[in-house]
Amino acid sequence: MSKIGKKNITIPKESSIKIEGGYLTITGPKGTKKLTIDDKIFSSKLNESQFQIKPLEKKVDKKTSIMWGTYRSLINNAITGVSKGHEKILELNGVGFRANLKGETLNLQIGFSHDVNFKIPKDIKITVEKQTTIKINGVDKELVSKIAADIKNFKPVEPYKAKGIKEKGQFVLRKEGKKK
């Protein structure tokens with residue numbers, strides 16, 4: 001039995017779920033998200049403010065238990081995304097490191113001889129609060145995390161001076177420099 005899969009998912013008042021065969025359509029104030037669920041393995045039950053997913057068989061094997069928890073987490077993330085939205089905050093550390101928005105591209109000056117331009121997807125909203133803080137917002141948690149990882153990949157944090165792009169609150173293991 002899956003610990004995570006057994007938990008009920010609470011649906012906020014402003015959000016709604018529509019079940020059509022193996023498809024779930026989740027709508028909320030931030031947008032809509034469509035998910036597919038294997039209806040040969042799982043059945044779903046919907047109350048006014050609770051949603052639950054259960055396996056069809058009485059005997060639950062290991063693979064079904066794993067998928068049960070995974071589907072429950074995906075549905076919960078989708079409900080959170082359409083009601084509140086997902087957000088990642090990136091910080092730029094280093095001398096002369098700065099970020100700017102130029103239309104549909106994010107312009108990064110991160111210590112290279114040239115500027116790095118990152119094209120922003122249409123489902124994602126990126127804002128630059130200070131020149132060293134980037135906020136990434138969106139409905140889809142997977143896409144927000146992917147965009148944050150792509151931006152962090154341009155200049156990973158190095159362990160000596162902690163220069164680079166990191167998430168807010170990310171721990172950087174610092175190393176000691178050269179000794180004379």
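With respect to the chain, whose longest principal axis is taken over its alpha-carbon atoms, helix 62-83 is tilted by about 70°. In terms of surrounding Cβ atoms within a 10 Å radius of their Cβ, 60, 95 rank from fewest to most as 95, 60.
Pairs exceeding a 20 Å alpha-carbon distance, out of 152/179; 141/168; 130/163; 6/58; 45/88; 88/175: 152/179; 45/88; 88/175.
Over all distinct Cα-Cα pairs of the stretch 86-167, the Kirkwood formula returns a hydrodynamic radius of 12.7 Å. Per residue, the convex hull around the alpha carbon atoms of the chain comes to 158 Å³. Computed over Cα pairs, the Kirkwood radius of the stretch 1-50 leads via Stokes-Einstein (0.692 mPa s, 37 °C) to a diffusion coefficient of 272 µm² per second.
Each reported figure results from applying straightforward, stated rules to the coordinates on display, with no laboratory input. It should be emphasised that the depicted structure is a prediction, and the values quoted were computed from it without experimental measurement. No Cβ is skipped: glycine too gets one built from the backbone with ideal geometry, and neighbour counts run over all protein chains shown.
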